[in-house]
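In what follows, a structure is listed as structure tokens, so that the remarks can point back to it.
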Amino acid sequence: MLNIGCHLSNSKGYMNMCSEAASIGANTFQFFTRNPRGGAAKDIDPEDVKEALSFMSENRFVTILAHAPYTLNPCAARPEVREFTENTMRDDLARMEYTPGNLYNFHPGSHVGQGIDAGIELITEMLNKILTPDQTTTVLLETMAGKGSEVGGRFEELRRIIDGVELKEKMGVCLDTCHVFDGGYDIVGDLDGVLGEFDRVIGIERLRAIHINDTKNPFESHKDRHEKIGEGYIGLEAFRRIVNHPALRGLPFYLETPNELDGYGREIALLRSIYEE
Ligand code: FE
Ligand code: FE
Ligand code: ZN
């Protein structure tokens, strides 16, 4: 079975996300740990979490993916931004333990002119401060489109970050189809080649999740604008190969396309229909 869900709002809690996911044929979901622009996280209601956890196991849900607010920047030049990022991520990881064994994804950040080496150094430093041996959450670096001074547009950069982390067993990668295509990895013309390169550079066992998005912009445009599945430059035939690829088919897929719940439901049905059981 294709394991697929979409991005949902967590404003009404975990059980609400579960019900929404189930209502559109999803068996997982992604959510922001807090307001995407940062700020205080909502209190966790243990009853809500308990209900959600039993719902997820009864309904064969697979790992859910928490996404860090996108305003965080682990390699900012300003120390106060880095400190805010560190505190937010540490708090997110503590909260993740209410739902043990799941995934936490973040954008490696933008080095804002400090250079790629300095950026990578700051990111690994931060990870070494917040990861703990007893956490059950796997922390994922997201592949980026390489917009501006974004770190993580090349597989080599992600590899270097992981190399610098002491608790490597807590680390993985989330591959965003829009971002890698934008970043110059031709998943349309040469999916095998791109995944082979991922394996050589990072190791395919680090790949833990897929953000499945089409793109509004042509190959290598470094723009990062998501499109609905089949309506952009990646196209449905490429997605057919992606969801069925032997190296990917067991992974959880998360839609981040410009959609409301009903649109996500249609995309999930479409992707399930092209998945070869
Ligand atoms: Fe993201
Ligand atoms: Fe993404
Ligand atoms: Zn994006």
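Give me the distance in nm between label points sitting 7 Å out from Cα along the Cα-to-Cβ direction at Leu270 and Met1, one decimal.
Result for the modelled spin labels: 2.3 nm.
Calculate what fraction, in whole %, of the accessible area of the chain sits on carbon and sulfur atoms when a 1.4 Å probe is rolled over the protein chains.
The computed percentage sits at 49.
Which value, in Å² rounded to 10, gives the accessible area of Ile130 with a 1.4 Å probe and all protein chains present?
We get 10 Å² for Ile130.
Given a Förster distance of 41 angstrom, what is the FRET efficiency for Phe219 paired with Arg60, based on the Cβ-Cβ distance and rounded to 0.05?
0.65
Considering only protein heavy atoms, what per residue accessible area in square angstrom results for the chain with a 1.4 angstrom probe?
42 Å²
How big is the charge dipole of the range 180-277 about its Cα centre, in debye rounded to the nearest 20, if each Lys and Arg gets +1 on its Cβ and each Asp and Glu gets -1 on its Cβ?
Computed charge dipole of the range 180-277: roughly 160 debye.
Given the pairs Lys12/Lys228; Lys50/Lys168; Lys42/Lys168; Lys168/Lys216, which span a C-alpha to C-alpha distance of over 28 angstrom in this model?
Lys50/Lys168; Lys42/Lys168; Lys168/Lys216
Using only helices, what value at 222 nm comes out for the chain when you add -39,500 (n - 2.57) per DSSP H run of length 4 or more and divide by the total residues, to the nearest 500 deg cm²/dmol?
Value at 222 nm, helices only: -12000 deg cm²/dmol.
Go ahead and run the numbers for FRET between Asp199 and Asn128, Cβ-Cβ distance against an R0 of 30 Å, rounding to 0.05.
Here the calculated transfer efficiency is 0.70.
The values are calculated or read from the model by the stated rules, or taken from the named source; none is laboratory data. Since we're looking at a predicted model, the values are computed, not measured. Neighbour counts run over all protein chains shown; Cβ positions are idealised from the backbone, glycine included. These accessible areas exclude ligands, DNA and RNA; they are computed on the full protein's heavy atoms, side chains included. Shrake-Rupley method; radii C 1.70, N 1.55, O 1.52, S 1.80 Å.
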